[in-house]
Amino acid sequence: MNRLLLILWSLGPMLWQLYTSFRPNATLTGNPMQGGWTLEHYQALLGGNPPFWRYLLNSGVVGLSSTLLTLVVAVPCAYGLSRLGRKTARNVNVLVAIAAAFPYVLLFLALLQVARDLHLGNNLLALSLPYTGLSLPLAILLLQASFRDIPPELEEAARLEGLGLWQRLRWVLLPLMAPAIASASLLIFLFCWNEYPIALTWLSRADLLTLAPAMARIAGSSVFTVPYGGFAAATVLGSIPLIVLVLVFQRQIVSGLTQGAIKG
């Protein structure tokens, strides 16, 4: 019973958004007895110019490119830090943790100037550069902890077999770190999927907008109208890819989040 209540409590906001997305505007803002169920909110979003699925595709491109670039940089960095001396690694970790906790909103104007000077605006792949820089500290901390959990005897045995550094990473270490990499990848992807201020200023073309700034542009017929149904439908559509992603990789994610919690 307690577990059921916890599930309902967790799913409550999503279920309410789903309910709202199928209700007519007159029902949401006026008489609750008016109307029944409607698809008008989804039809307006998917039939718009550009259609809403374009924003989902843009967010997916930015999220995937940023995640891949972050992992390419973070894996070697995390491996190197895990092989440093304990005192040196502790000092470096403090600096990385400070960078991870730094409020990136303070970098807003600087990143905007960089985009202007280097002509990076309206480029989805260019948007992955600041996203990678912002995601890198947290990814390094997560992956470094997983590297330290791997018994050094495994790598030593691979070295005795004649495997070089990159071969040891490819054939020995990375397969063991698959759950941790999956967890880190999900966190990076979620950040990129939901990020708003940088995407808002780096992208001005309507067909290149990512999900967050696109949802901010949803408006009613006047400043006094709140498009509850449109916002709810956009929230549902924007959540579907994330739900599918979590369901597909749930085992790896849970294993990565709990890795190192229990020592044998």
Going by the conditions given, is Leu15 surrounded by fewer than 14 Cβ atoms within 10 Å (Cβ to Cβ), at pLDDT below 90, outside any loop (DSSP other than H, G, I, E, B) and aliphatic (A, V, I, L, M)? yes
Out of the helices (runs of 4 or more DSSP H) lying entirely within segment 78-165, which hold 1 or more residues that are acidic (Asp, Glu)? 108-117, 124-149, 152-160
Within segment 189-219, can you find the residues that are farther than 15 Å from Leu125 by Cβ, among the polar types (S, T, N, Q) and in contact (Cβ under 8 Å) with a residue 40 or more places away in the chain? Thr201, Ser204
Counting only residues in segment 87-132 that are surrounded by 10 or more Cβ atoms within 10 Å (Cβ to Cβ) and of a type in the set (Lys, Arg), the one nearest to Thr67 (Cα to Cα) is identified as Arg116
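Okay, residues lined up against (1) within 26 Å of Pro213 (Cβ to Cβ); (2) outside any helix (DSSP H, G or I); (3) within 27 Å of the chain's Cα centre (by Cα); (4) at pLDDT 85 or above:
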position: Leu5; (1), (2), (3), (4): no, no, no, no
position: Leu11; (1), (2), (3), (4): no, no, yes, no
position: Thr20; (1), (2), (3), (4): yes, no, yes, yes
position: Gly36; (1), (2), (3), (4): no, yes, no, no
Can you tell me which residue in segment 136-166 is surrounded by the fewest Cβ atoms within 10 Å (Cβ to Cβ), limited to those that are of a type in the set (Gly, Ala, Ser) and out of contact with any helix residue (DSSP H, G or I) (no Cβ under 9 Å at 6 or more places or on another chain)? Gly162
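The values are calculated or read from the model by the stated rules, or taken from the named source; none is laboratory data. Everything numeric here is computed off the predicted structure, so don't read it as measured data. Backbone-built Cβ (ideal geometry, glycine too); neighbour counts: all protein chains shown.
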